[in-house]
Amino acid sequence: MAIPTDVQEYVEKNIKLMISQTETYLPFIKVAFPYSKNIADGVYNLIVGSALSVFVNQYAMRMKYPTAEDFADFGKIAFKYRDQVDQFFK
């Protein structure tokens, strides 16, 4: 079963919003991950965590459960934005 188009759109909009606001929560990342040598990882993890919450909530609102395949597809969606996050720190 593929991720419904509207769920994918919600997830991607959330990821894009979080990326556009990266500078806003960068101070939080520096405090939350003080020993991190790669701030881009912390930022990416925060974005993916937020998007994962949106993803699961969209299924819950439809009274459905995402399958293992849906989670794999979510990972593919999230990974598309990895390079965009890395660009902030180069």
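The values are calculated or read from the model by the stated rules, or taken from the named source; none is laboratory data. Small disclaimer: the values here were computed from a predicted structure and weren't measured. Cβ: placed from backbone, ideal geometry, glycine included. Neighbour counts: every protein chain shown. Note: accessible area is taken over every heavy atom of the protein model, side chains too, but ligands, DNA and RNA are not part of it. Shrake-Rupley method; radii C 1.70, N 1.55, O 1.52, S 1.80 Å.
Length gained on full extension, D86 to S53: 9.7 nm, using 0.36 nm per residue less the C-alpha separation. Once semi-axes √(5λ) of the Cα gyration tensor in Å is calculated for the structure shown, the corresponding label among (1) 26, 12, 12; (2) 21, 17, 12; (3) 30, 18, 5 turns out to be (1). Using a probe radius of 1.4 angstrom, the carbon and sulfur fraction of the accessible surface of the chain is 60%. Placing +1 on the Cβ of every Lys and Arg and -1 on the Cβ of every Asp and Glu, with nothing else charged, gives the chain a dipole about its Cα centre of roughly 180 debye. With the charge dipole of the chain set up from +1 on Lys and Arg Cβ and -1 on Asp and Glu Cβ about the Cα centre, the Cα lying farthest toward the positive end among the listed residues G75, M61, N45 is that of N45. Residue ranges 5-17, 36-48, 55-67 sort as 36-48, 5-17, 55-67 when ordered by packing (mean number of other C-beta atoms within 10 Å per residue, highest first). For the chain, the relative contact order is 44 percent, taking Cα pairs closer than 8 Å that sit 6 or more residues apart in sequence and dividing their mean separation by the residue count.
Annotation: extensible slack from D41 through M61 equals 4.2 nm (criterion: 0.36 nm per residue apart, minus Cα-Cα distance). Taking the range 3-85 as the region of interest, the number of lysine pairs whose Cα atoms are within less than 22 Å, with members eight or more places apart or on different chains, is 7. Legend: helices of the chain (whole DSSP H runs) are marked when their alpha-carbon atoms reach 30 angstrom or more along the helix axis and their mean Kyte-Doolittle hydropathy is at least 1.0; marked are 39-61. Per residue, the accessible area of the range 1-51 comes to 62 Å² when a 1.4 Å probe rolls over the protein heavy atoms.
Our estimate of slack between Y25 and E9, defined as 0.36 nm per intervening residue step minus the Cα-Cα distance, is 3.5 nm.
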